[in-house]
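Visitor: Sending over a structure as structure tokens; questions will come in a sec.
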Amino acid sequence: MTQEDALDGLVRKRIRALRVAQGWSLEDLATRAKLSQSSLSRIENGQRRLALDQLVTLARALDTTLDQLVENAADDVVVSPMIDGAHGLMRWPIKGDPGMSVMRQRMTEPPPDNPARMRAHPGREFLVVLSGTAILMLGHRRFRIETNQAAEFPTMMPHAIGAEGGPCEIMGIFDRDARRGHRDTTEAPRQ
């Protein structure tokens, strides 16, 4: 089997899997994609060749993109973290969106009391508390975030995060701009 045949089969399986996940019959998807039910059936079963115009139409009908529909399966699905032991950080890049990254951090200190020590920078941040209790200072507001609770906020608001009542572990997801803003605080100072 050639690589092209394998991708062809994968795309056909994705079309069917996405249709079934939506709870749609062949007729439902065929109607949405403006195809005949028999054409869609032959596409899914490999009895009709995949045409680019039909793939575009099917991707739209399935509420996905053509890129996602034809994306080749990667062998390297496991991502190892970059570890910054000095700051208690582990960071994983998100391959599907190089601007995003996931960070895990253990915190032992409370957030700073002095608002001048809070940071603001472009971007958005999402964090979930894995264990313990975290305190999020966001402007003049103080949020207590317990284990399994999450927070999402724009990082242009001055903010700081710390622990309350003992160590806590958080996992954060940063967009490109938020990641850049945090890089300065987590990398060793340059001399």
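The values are calculated or read from the model by the stated rules, or taken from the named source; none is laboratory data. No experiment lies behind these values; they were computed from the predicted model shown. Backbone-built Cβ (ideal geometry, glycine too); neighbour counts: all protein chains shown. Quick note on the areas: whole protein, heavy atoms, side chains included, nothing else; ligands and nucleic acids left out. Shrake-Rupley method; radii C 1.70, N 1.55, O 1.52, S 1.80 Å.
Visitor: Tell me the accessible surface of residue 119 in square angstrom (1.4 angstrom probe, heavy atoms of protein chains only), to the nearest ten.
Guide: For residue 119, solvent-accessible area is about 80 Å².
Visitor: Which ³J(HN,Hα) values, rounded to whole Hz and listed in residue order, are derived for segment 4-12 from phi using the Karplus coefficients 6.51, -1.76 and 1.60 in 6.51 cos²θ - 1.76 cosθ + 1.60 with θ = phi - 60°, glycine and proline given as x?
Guide: 5, 5, 5, 5, 4, x, 5, 4, 4
Visitor: Let me ask you something else. Report ³J(HN,Hα) in whole Hz for each residue of segment 51-63, in order, from the Karplus equation J = 6.51 cos²θ - 1.76 cosθ + 1.60 where θ = phi - 60°; Gly and Pro get x.
Guide: Result, ordered by residue: 9, 4, 4, 6, 5, 4, 4, 5, 4, 4, 4, 8, 6 Hz.
Visitor: Tally up the carbon and sulfur contribution to the accessible surface of segment 97-177 as a whole percent, 1.4 Å probe, everything protein left in place.
Guide: After summing per-atom areas, the C and S share lands at 52 percent.
Visitor: Would you mind listing how long segment 94-174 runs along its three principal axes, going by Cα atoms, in whole Å with the largest first?
Guide: Principal extents (largest minus smallest coordinate, Cα): 37, 26, 16 Å.
Visitor: Could you compute the net charge surrounding residue 18? Neighbours are other residues with a C-beta less than 15 Å from the C-beta of residue 18; K and R count +1, D and E count -1. All intermediate terms of the calculation are to be shown ahead of the outcome.
Guide: Values: positive: 12, 13, 14, 16, 19, 32, 60; negative: 28, 44, 63, 67, 71.
Summing Lys/Arg as +1 and Asp/Glu as -1 gives +2.
Visitor: List the relative contact order of segment 125-181 as a percent without decimals, with contacts defined as Cα pairs under 8 Å and 6+ residues apart. Before the final figure, lay out the partial values.
Guide: On the way: 111 pairs, mean separation 26.9, N = 57.
Over segment 125-181, the number comes to 47 percent.
Visitor: Of all the C-alpha pairs in segment 1-54, what % are more than 14 Å from each other?
Guide: On the way: 757 of 1431 pairs.
Roughly 53 percent, once rounded to a whole number.
Visitor: Under the Karplus relation 6.51 cos²θ - 1.76 cosθ + 1.60, θ = phi - 60°, what is the ordered set of whole-Hz ³J(HN,Hα) values for segment 141-154, x standing for Gly and Pro?
Guide: Using θ = phi - 60°, the values come out as 9, 10, 10, 9, 10, 8, 3, 6, 9, 9, 9, 9, 7, x Hz.
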